[in-house]
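Reviewing the structure listed below.
Bear in mind these aren't lab numbers, they're just calculated from the coordinates by the rules spelled out. Owing to the predicted nature of the structure, the values given are computational and were not obtained by experimental measurement. FYI the Cβ positions are ideal-geometry reconstructions off the backbone, even for glycines, and counts take in every protein chain you see.
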Amino acid sequence: MTRGFIIFFLSFISLILQAQEYKKISNPTACKNIIRAHHLSTQSIIADFSESIISDMFMVPQKGSGKIYYKQSQYIRWEHKEPKKKIILINGNSFRMNENGKELAGSKIKIVGKKIQEMILQMLTGAFVDEKDFMVMYYESLSQYKLVLTPKSNRMSKYISNIQLLFDKKSLVLLEMSMIENEKERIVYTFSNYQLNGMISDDKFSTF
């Protein structure tokens, strides 16, 4: 019985590994069109996220969590709840940030905010598939699409080597986003508990 269980367990692990073995998609047009269509049809998103910051600066990954709200096509609330409270509000061309109950201001915040705003909007609206700012490589496993985005701008590539996005093949929701600076530095966001196309009050994007 023990031997049978071991064989079953090893076979199960083998299936999992095979399911997440990614192969390059030779003709990515179909995948690109599917992802673009899904984003265009998504009117709103509410989802939980977990954050893991991996760096030589820390002995262990730094963990965080929060909630994200998106409303087509330029309204975003990115709300960190742990380990400290931080809220980013994107309302059209407006970018605001609040940390521990205090709104941050100043020219530096505006510059950094603009970059964050552009990147988050591209990830949530699917604009990245147009390859204006990123070169995109497409891969797939049995259950997921994996997109690797490499910045075209030399300025951006100083801070980000690439961004890796994992999409569920059936639902097409974003499961994971990894922002990779180098082999030892990365931030990984994992998304769960999706609510798609529900009602979200406009106050979510204007009030901290």
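Tabulated data for the structure shown
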| item | result |
| --- | --- |
| Cβ-based exposure ranking for T190, T207, in which fewest neighbours within 10 Å come first | T207, T190 |
| The chain: relative contact order as a whole-number percent, Cα under 8 Å and 6+ apart | 23 percent |
| Residues F134, F191, sorted so that the one with the fewest Cβ neighbours within 10 Å comes first | F191, F134 |
| Value at 222 nm in deg cm²/dmol, rounded to 500, when DSSP H runs of n ≥ 4 in the chain each add -39,500 (n - 2.57) | -8500 deg cm²/dmol |
| Three semi-axes of the equivalent ellipsoid, the stretch 23-205, Cα gyration tensor, whole Å, largest first | 25, 21, 17 |
